[in-house]
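Peer 1: Below is the structure I would like to discuss, written out as structure tokens.
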Amino acid sequence: MSDGDAWQGNIKARLYERARERGYESITSFANDRPTASLVALAEELGREDVAGVQVLSAMLYEAEQRRQVMRFVRDILVRMLSQSLPEGWPTVLDDASRFQIARALGRWTGYTPETHQKQVDRAGDSLLANPPPAGWRPLGPDDELLRTLLPDDEV
């Protein structure tokens, strides 16, 4: 994505057209079939030259708000951030390098979280650091048991 083509034209229409071309009714359903793919990877699959990861993120959040599934969206984004930063799962040893990777994932996750859910995300991140999951733990989707315990669905 070099010339800013992602910001030309009707962005939402382009995203949904690309998802439908691939047999999906929504950006979320497209992303659900790729639960550990980064936002950039999702964007590149939808259009290397004219779709940006932040556009995919925005569409996923919009759909989550419409479906009252924002907490599931929050867990989804954490899975993607952990998959990028900790591809082999939760580290066995918490040395400086692994702590940095964890902090990077949690920091990016926090930055992508809607303000309405920041307190829950802060508590969940603190809990993961205070009581680390087993070595090798790698959530493969937003319905991971540990994630659902840390961040239960609470939407009405």
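Peer 1: Would you confirm whether any residue within region 129-149 is polar (S, T, N, Q) and open to solvent by less than 40 Å² (accessible area, probe 1.4 Å)?
Peer 2: So far as region 129-149 goes, no, none of its residues is polar (S, T, N, Q) and open to solvent by less than 40 Å² (accessible area, probe 1.4 Å).
Peer 1: Looking only at region 68-87, count how many residues are more than 12 Å from residue 36 (Cα to Cα) and among the charged types (D, E, K, R).
Peer 2: Within region 68-87, residues that are more than 12 Å from residue 36 (Cα to Cα) and among the charged types (D, E, K, R) number 2.
Peer 1: Show the residue pairs that are 6+ apart or on different chains and have beta-carbon atoms under 7 Å apart, the first residue being within region 84-101 and of a type outside the set (A, V, I, L, M), the second being surrounded by fewer than 11 Cβ atoms within 10 Å (Cβ to Cβ).
Peer 2: Close Cβ pairs satisfying both conditions: 90/134.
Peer 1: Still on this model: Only one of (1) in a helix (DSSP H, G or I); (2) open to solvent by less than 80 Å² (accessible area, probe 1.4 Å); (3) not charged (D, E, K, R) fails for residue 100. Which number is that?
Peer 2: Every condition holds for residue 100 apart from (2).
Peer 1: Picking from 125, 89, which residue would you name as being at pLDDT 95 or above and either assigned to a helix (DSSP H, G or I) or in contact with a Pro (Cβ under 7 Å, 6 or more places away or on another chain) (or both)?
Peer 2: Selected residue: 125, the only one of 125, 89 that is at pLDDT 95 or above and either assigned to a helix (DSSP H, G or I) or in contact with a Pro (Cβ under 7 Å, 6 or more places away or on another chain) (or both).
Peer 1: Here is a further query. Just one of (1) part of a loop (DSSP other than H, G, I, E, B); (2) open to solvent by 80 Å² or more (accessible area, probe 1.4 Å) trips up residue 119, so point out which.
Peer 2: (1)
Peer 1: Is there a residue being open to solvent by 80 Å² or more (accessible area, probe 1.4 Å) and more than 20 Å from residue 153 (Cα to Cα) anywhere in region 79-90?
Peer 2: Yes: region 79-90 contains one or more residues that are open to solvent by 80 Å² or more (accessible area, probe 1.4 Å) and more than 20 Å from residue 153 (Cα to Cα).
Peer 1: Suppose we keep only residues that are part of a helix (DSSP H, G or I) and small (Gly, Ala, Ser) within region 1-15. Which one would you say is least open to solvent (accessible area, probe 1.4 Å)?
Peer 2: So the residue we want is 6.
Peer 1: In region 16-53, how many residues are under 17 Å from the mean Cα position of the chain (by Cα) and in a helix (DSSP H, G or I)?
Peer 2: Number of matching residues: 15.
Peer 1: Restricting attention to region 55-72, does a residue exist that is open to solvent by 40 Å² or more (accessible area, probe 1.4 Å), free of Cβ contacts under 8 Å to residues at least 60 places away in the same chain and of a type in the set (Lys, Arg)?
Peer 2: yes
The values are calculated or read from the model by the stated rules, or taken from the named source; none is laboratory data. Computed from a prediction, not measured in an experiment: that's the story for all the values here. Please note: Cβ atoms are built from the backbone with ideal geometry, for glycine as well, and neighbour counts cover all protein chains shown. Surface accessibility is based on the protein's heavy atoms, side chains included, excluding ligands, DNA and RNA. Shrake-Rupley method; radii C 1.70, N 1.55, O 1.52, S 1.80 Å.
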